[in-house]
Amino acid sequence: MAMTHDIADAMDSVRERVRRACDRAGRDAASVQLIAVSKGHPEAAIRAAYEAGMRVFGENYAQELASKASALRDLTDLRWRFIGHLQRNKIKLIEGARATVDTVDSVRLAQAISVRATERAMDVEVLIQVNVGGEAQKSGCAPDEVPQLVEAVRALPGVTLRGLMTVAPHLEDAEATRPFFAALRTLADANGLSGLSMGMTHDLEQAVAEGATMLRIGTAIFGPRPPAKR
Ligand SMILES: *Cc1c(COP(=O)(O)O)cnc(C)c1O
């Protein structure tokens, strides 16, 4: 993979896409943070992206995050974001990585994170994941549950709520995802939240146009993912 796919070049292209999208939207490119989604890719690929200036990485599986964080702990300013579905019994696995949890979708999960964080005198930054497309197979709370969940998470010690996250439906025509991104932004505004993690390789332009502050980019940086082991 590293032979045929140059990560530094790929990152330049992604940054250019973000810059152009920001120009069109009249936004400052510095207002959009890139998260390199490294699930399924080896440690060497993460090091290559780090060398090319990337500092924030997203992982979907607790065990994979734990192993990579341990192997890459020499990169002291590398930051991890957990973007997969988190089972409560796996929270302890990601503590060592000091990862954010971008996929809180229930009070029970938020409470469990809070308990562990408080015990360990940590503060965990979280996002609430919203299933804006109402897709049965996707995680995330329903849009109408957001106000309640926001209130509950804000009241918990050891967790700091930074915003909302969504995985929009994958539509052939990326332009068609805009209403879903707009819906997430409206929910964030209504709840006084500024962080918006939305937009992936296929639809980052639309997400920027709708106000994304974090983009989760896998394929456009690392190339196609090797087949999942699970
Ligand atoms: C895999 C993944 C991404 C990255 O998707 P690409 O299409 O490869 O950019 C972003 N967000 C989540 C939640 C993912 O699971």
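The values are calculated or read from the model by the stated rules, or taken from the named source; none is laboratory data. Remember, it's a predicted structure, so these values are computed and weren't measured experimentally. Methodologically, a virtual Cβ is constructed for each residue, glycine included, from the backbone with ideal geometry; neighbour enumeration extends over all protein chains shown. All accessible areas refer to the heavy atoms of the entire protein, side chains included, with ligands and DNA or RNA removed. Shrake-Rupley method; radii C 1.70, N 1.55, O 1.52, S 1.80 Å.
I need a count of the residues in region 1-35 that are among the hydrophobic types (A, V, I, L, M, F, W, C) and within 13 Å of Arg225 (Cα to Cα).
Within region 1-35, residues that are among the hydrophobic types (A, V, I, L, M, F, W, C) and within 13 Å of Arg225 (Cα to Cα) number 2.
For region 184-195, enumerate the residues that are within 16 Å of the ligand (Cβ to nearest atom) and either farther than 17 Å from Glu125 by Cα or open to solvent by 10 Å² or more (accessible area, probe 1.4 Å) (or both).
First, pick out the residues of region 184-195 that are within 16 Å of the ligand (Cβ to nearest atom): 184, 195.
Passing the criteria: only Leu184.
Looking at region 64-86, which of its residues are within 22 Å of Gln148 (Cβ to Cβ) and open to solvent by 20 Å² or more (accessible area, probe 1.4 Å)? Outline the logic, then answer.
Restricting attention to region 64-86, the residues satisfying the condition of being within 22 Å of Gln148 (Cβ to Cβ) are 85-86.
Listed by number, the list holds a single entry, His85.
Suppose the filter is more than 12 Å from the chain's Cα centre (by Cα) and not charged (D, E, K, R); does Ala44 pass it? Taking the combined requirement at face value, the residue satisfies it.
Return a yes/no flag: does region 202-215 have any residue that is open to solvent by 40 Å² or more (accessible area, probe 1.4 Å), among the hydroxyl-bearing types (Ser, Thr, Tyr), in contact with a strand residue (DSSP E or B) (Cβ under 7 Å, 6 or more places away or on another chain) and in a loop (DSSP other than H, G, I, E, B). Checking region 202-215: not a single residue is open to solvent by 40 Å² or more (accessible area, probe 1.4 Å), among the hydroxyl-bearing types (Ser, Thr, Tyr), in contact with a strand residue (DSSP E or B) (Cβ under 7 Å, 6 or more places away or on another chain) and in a loop (DSSP other than H, G, I, E, B). If you go through region 44-63 and keep only what is open to solvent by 70 Å² or more (accessible area, probe 1.4 Å) and within 20 Å of His85 (Cβ to Cβ), you end up with Tyr61, Gln63. Just the residues that are near the ligand (Cβ under 8 Å from one of its atoms), open to solvent by 20 Å² or more (accessible area, probe 1.4 Å) and not charged (D, E, K, R), please, taken from region 216-230. Thr219, Ala220 - these are the residues of region 216-230 that are near the ligand (Cβ under 8 Å from one of its atoms), open to solvent by 20 Å² or more (accessible area, probe 1.4 Å) and not charged (D, E, K, R). Scanning region 118-132 for residues that are surrounded by 19 or more Cβ atoms within 10 Å (Cβ to Cβ) and assigned to a loop (DSSP other than H, G, I, E, B) returns Asn131, Val132. Hey, could you check region 61-81 for residues that are within 13 Å of the ligand (Cβ to nearest atom) and out of contact with any strand residue (DSSP E or B) (no Cβ under 8 Å at 6 or more places or on another chain) and say which is nearest to Val167 (Cα to Cα)? Applying the filter and picking the extreme gives Tyr61.
Do we have Glu16 as at pLDDT 95 or above, closer than 17 Å to Met200 by Cα and in contact with a helix residue (DSSP H, G or I) (Cβ under 9 Å, 6 or more places away or on another chain) here? So Glu16 fails the test. Could you give every pair whose Cβ atoms fall below 7 Å, whose first residue belongs to region 214-226 and is at positive phi, and whose second residue is more than 6 Å from the ligand (Cβ to nearest atom), counting only separations of at least 6 or pairs across chains? Matching pairs, first to second residue: Gly223/Met1; Gly223/His5.
From the list Ala168, Ala155, Ala190, which residue is free of Cβ contacts under 8 Å to residues at least 24 places away in the same chain and not acidic (Asp, Glu)? Can you show your working first?
Numbers: Ala168 fails: free of Cβ contacts under 8 Å to residues at least 24 places away in the same chain; Ala190 fails: free of Cβ contacts under 8 Å to residues at least 24 places away in the same chain.
Unique residue meeting the criteria: Ala155.
Just give me the residues in region 17-43 being within 16 Å of the ligand (Cβ to nearest atom), under 26 Å from Glu210 (Cβ atoms) and open to solvent by 50 Å² or more (accessible area, probe 1.4 Å), in sequence order. Of everything in region 17-43, those that are within 16 Å of the ligand (Cβ to nearest atom), under 26 Å from Glu210 (Cβ atoms) and open to solvent by 50 Å² or more (accessible area, probe 1.4 Å) turn out to be Arg17, Gln33.
From the set of residues in region 141-183 that are in a loop (DSSP other than H, G, I, E, B) and open to solvent by less than 20 Å² (accessible area, probe 1.4 Å), which is nearest to Leu34 (Cα to Cα)? Write out each step before concluding.
First, the residues of region 141-183 that are in a loop (DSSP other than H, G, I, E, B): 142, 155-158, 166-173.
Next, only the ones that are open to solvent by less than 20 Å² (accessible area, probe 1.4 Å) stay: 158, 166, 168-169.
Numbers: Gly158: 25, Thr166: 15, Ala168: 17, Pro169: 20 Å.
Checked region 141-183; the qualifying residue nearest to Leu34 (Cα to Cα) is Thr166.
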